[in-house]
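Read the structure below first, then the notes.
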Amino acid sequence: MQIINQVYINGAFVAPHGTETVEVTNPTTERVVARATLADAEDTRRAIAAAKKAFPAFVQTPVAERVAMLKSLHAAVLACSDTLRDATIEEYGAPISRATWISHFAAQSFLDAALTLEAYNFTRIMGTSTVVMEPVGVAALITPWNSTAGSVCSKLAMAIAAGCTSVIKPSELSPIQSKIITEAIHAAGLPPGVVNIVAGRGDIVGAELSTHPDVAKISFTGSTAVGKIIQRAATETMKRVHLALGGKSPTILLDDADLAKAVPLALNAAFMNNGQACISGSRLLVPEHRLAEVIATVKETVAQMKVGDPTDPSTVIGPLANRNQYERIQNYIRIGLSEGATLITGGEGHPAGLDQGYFVKPTVFANVRNEMTIAREEIFGPVLSILTYVSEDEAIDMANDTVFGLHAYVMSSDLERARAVAMKLQTGRVMINTLQHDPLAPFGGFKQSGVGREYGVLGLESYLEAKALIGL
């Protein structure tokens, strides 16, 4: 069992002032694999002070120097990608294919930021004025357990590109991944205080970051409920707040879609990362007259999806992250049944032969109405709701009938038709016949799925403020 009892402040690994500990259980074996000591408010204040002290020098670094730092970070994270992959599997049960992708995405984030930085013009003319884009200051980066390495690295990459120093609060539920990432960042050799990392509880470390006057910006990825708490807390000091929050993403299957291709794609969108993804396509909207065909294809496809050991390359769905997640999903399945949805496949309990571990049956409901709980709330597990529509306009209205607006998917054999539908969806990203990620395109949500954007130019500018020089 790993014992993790350090935080990273001012370029050094130090013992935390905090004394609270958390145990991490491998969700496949249900065995405790790590015990970590959490940071507290005092640790957080020390980290903020170090970032504040480092900012005046760091803000003066030339673009070429920050590009070099980003490339060093890429090399350091890439060097530990196998270790990071294994920790991701051990800590929250990601299938090896997903864990491998995440570990490489984490490293690649730094090269993507370097590419964006090299092409960015920090000074431009607007009207008769010179406008200079300047780093906002100390940034607090708060990341979730379901994508620790990816979130930490993508946020940090843009903060460094902009010239901001940072304090990172990884989830307290992912200390093994956080430790590996921290060691890689240290190996990259950045100036002391530019990056500080204090893992702790949201109501302690997160609360301090959200209210401390020396923090200029917060970038948070997580639930909508917590995002609202952070936004309220940040108001007193008028922090710049970026929130990447929850989703209830629709997949619209148009009536000309090739079901043999579209249904497996839709199921992968729903069940990615064991269903523990904010962009999960958890509502499948299908033409009413094709429902029977869709159900038959869904049953056939899900039957071929292996649920089991996440280290097995043939596994599509591993265990959920912890017992709380397991119980949460069981409850939503019961709610779906009680509200009258038709169970197509899956259901309560463990899959056959998987009594140990937090495994659930990939579950699909049909005859779901948009007012049902399973169609309204973010479940965060491998549960898919199938809804039917008669007209294209009805499908669009159903897709938009949600408080969320993070992601959407459109499946069609006619790209122009799919594009026209995508343009009417109230969501930050629409994937058309693909699950391919674009790291240079903006990512973020409409409505209660968040505020602001990450990645690419808009992600960089979220760490910058505009200063107008008039009369030169």
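In whole Hz, with x marking every Gly and Pro, tabulate ³J(HN,Hα) for the range 296-303 from phi via Karplus 6.51 cos²θ - 1.76 cosθ + 1.60, θ = phi - 60°.
Once rounded to whole Hz, the list reads 4, 5, 4, 4, 5, 5, 5, 4.
How far, in nm, would the chain grow between Glu23 and Lys261 when pulled straight, counting 0.36 nm per residue and subtracting the alpha carbon separation?
81.5 nm is the gain from fully extending Glu23 to Lys261.
Looking at the chain only, what percent of DSSP beta bridges run antiparallel? Nearest 5 please.
Counting DSSP beta bridges with both partners in the chain, the antiparallel share is about 40 percent.
Using the Karplus equation 6.51 cos²θ - 1.76 cosθ + 1.60 (θ = phi - 60°), what ³J(HN,Hα) coupling, rounded to whole Hz, does each residue of the range 324-340 give in order, writing x for Gly and Pro?
4, 5, 4, 5, 4, 5, 4, 5, 5, 4, 5, 5, x, 5, 5, 8, x
Collect residues whose amide H, placed 1.01 Å from N in the peptide plane, falls under 5 Å from the amide H of Leu384; neighbours closer than 5 in sequence don't count.
Amide H neighbours of Leu384: Thr363, Val364, Phe365.
May I ask you to derive the FRET efficiency for Lys299 and Arg35 from their Cβ-Cβ distance with R0 = 45 Å, giving the value to the nearest 0.05?
0.55
Rounded to the nearest 500, what is the chain's calculated 222 nm mean residue ellipticity when only DSSP H runs of at least 4 contribute -39500 (n - 2.57) each, over all residues?
Estimated from H runs of four or more residues: -12000 deg cm²/dmol.
Working out 0.36 nm times the residue gap between Thr342 and Asn268, then minus their Cα-Cα distance, what length gain in nm do you get to one decimal?
In short, 24.6 nm is gained.
List the residues, sorted by chain then number, that are 5 or more residues from His242 or on another chain and whose placed amide H is less than 5 Å from its amide H.
Counting only residues 5 or more places away or on other chains, the set is Ile218, Ser219, Phe220.
Could you name the lysines in cross-link range of Lys52, using Cα to Cα under 25 Å and dropping any fewer than eight places away on the same chain?
Lys71, Lys155, Lys169, Lys179, Lys217, Lys239, Lys467
If you count, for each residue, the other Cβ atoms within 10 Å and average over each peptide, how do 355-366, 415-426 line up from highest to lowest?
355-366, 415-426
Note down the net charge around Ala466, summing +1 for each Lys or Arg and -1 for each Asp or Glu among other residues with Cβ under 10 Å from its Cβ.
Once all neighbours under 10 Å are counted, the net charge is -1.
Using θ = phi - 60° and the Karplus form 6.51 cos²θ - 1.76 cosθ + 1.60, what ³J(HN,Hα) does each residue of the range 164-179 get, whole Hz, x for Gly and Pro?
Each residue's phi maps through the Karplus curve to give 8, 8, 8, 10, 9, 10, x, 4, 5, 8, 10, x, 5, 4, 4, 4 Hz.
So which lysines pass the test for Lys424, namely a Cα distance under 26 Å, with those fewer than 8 places away in the same chain ruled out?
Lys248, Lys261, Lys447
Per residue, how big is the convex hull around the C-alpha atoms of the chain? Give it to me in cubic angstrom, could you?
So the per-residue hull volume is 141 Å³.
For the range 287-440, take N as its residue count and report Rg(C-alpha) divided by 2.2 N^0.38 Å.
1.11
Can you work out D for the range 188-266 in µm² s⁻¹ from Stokes-Einstein, where Rh is the Kirkwood radius over C-alpha pairs, the temperature is 20 °C and the viscosity is 1.002 mPa s?
136 µm²/s
Which whole number in µm²/s is D for the range 180-228 by Stokes-Einstein, with the Kirkwood Rh taken over Cα pairs at 25 °C and 0.890 mPa s?
Once the numbers are plugged in, D ends up at 191 µm²/s.
Please report the projected area of the range 229-365's Cα convex hull averaged over all directions, in nm².
Average projection, Cα convex hull of the range 229-365: 11.2 nm².
If amide H atoms are built 1.01 Å from N in the plane of the peptide, which residues on other chains or at least 5 residues away come under 5 Å of the amide H of Ala34?
Residues meeting the criterion, in which the H sits 1.01 Å from N, are Gln2, Val24.
Once both labels are modelled 7 Å past Cα along the beta-carbon direction, what's the Thr235-Glu288 spacing in nm?
4.4 nm
Please compute the net charge surrounding Arg417, taking Lys and Arg as +1 and Asp and Glu as -1 over other residues with Cβ under 9 Å from its Cβ.
-3
Laboratory data are not the source of any read-out in this text; all were calculated from the coordinates shown. As the structure is a prediction and not an experimental result, all values here were calculated from the model. Note that each Cβ is placed from the backbone with ideal geometry, even for glycine, and that neighbours are counted across all protein chains shown.
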